[in-house]
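Beneath this line is the structure, given in C-alpha cells, with notes to follow.
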Amino acid sequence: TSLESYLCAGFVVADGGEIDIRVSEKKAWIYLKDNGAIHSDLKTRVLGGIGTDSRVEIRGRHLERTWTLLDKPLKVGDLNLALLHDPSRMGWQVGDRIAIASTE
C-alpha cells in the first residue's frame, strides 16, 4: 500500500472496454513515454478510448476547480505567474504539478 502510484507506458487505450483509475488517497503520476510502442490507430504517447463502448475515467482528490486562466500574460524569464482564480479556493496544494498550454 504505497502512498504513490505510477503508470508508465507508450500508450494506454481502452478499445471497446474501460480504464478506471481512482487515486484519491495517494499521489499518482501517468507518464506517456516515447518508448517505441505504437497503437495501430492512435499511434504513440496517447491516453484515451477508441470505439463507442470505450470509457476512460480518472479520479483524484476533489478539486473545486481543475483549471484556470492566467491573469496576465507570461514573458520569457518570468518566475511567477498570476492566476485568474485563487489556487487555495480551487483546492490546489503546494507540491501540485500544473501544465501551462500555449494559446498561440
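Details
- Shape call, region 1-49: gyration tensor on alpha carbons, a/c limit 1.5: oblate
- FRET E, pair residue 24, residue 89, Förster distance 25 Å, beta-carbon r, rounded to 0.05: 0.80
- Ratio of Rg to Rh over region 31-71 (Cα coordinates, Kirkwood Rh, two decimals): 1.10
- Surface composition of the chain: carbon and sulfur atoms hold 51% of the protein heavy-atom accessible area at a 1.4 Å probe.
- About the Cα centre, charge dipole magnitude for region 34-98 (Lys/Arg +1, Asp/Glu -1 at Cβ), debye: 80 debye
- The chain: relative contact order in percent, alpha carbon pairs under 8 Å with at least 6 residues between: 26 percent
- Calculated [θ] (222 nm, deg cm²/dmol) that DSSP helices of n ≥ 4 give over the chain, each run adding -39,500 (n - 2.57): -500 deg cm²/dmol
- Cα gyration tensor shape for the chain, rounded if a/c is under 1.5, else prolate or oblate: prolate
- Here's the picture: charge each Lys and Arg Cβ at +1 and each Asp and Glu Cβ at -1 in the chain, and of 99, 79, 52 the one pushed furthest to the positive end of that dipole is 79.
- Residues with amide H under 5 Å from that of residue 44, placed H, sequence gap 5 or more: 39
- Surface exposure of region 1-87, expressed per residue as accessible area with a 1.4 Å probe, stands at 78 Å².
- Per DSSP, loop GluC sites (Glu not before Pro) in region 1-63 with at most 15 further Cβ within 10 Å: 25
The values are calculated or read from the model by the stated rules, or taken from the named source; none is laboratory data. What you see is a predicted model; the values in this text were computed from it and never measured. Please note: Cβ atoms are built from the backbone with ideal geometry, for glycine as well, and neighbour counts cover all protein chains shown. Protein only, heavy atoms only, side chains kept; ligands, DNA and RNA dropped before computing areas. Shrake-Rupley method; radii C 1.70, N 1.55, O 1.52, S 1.80 Å.
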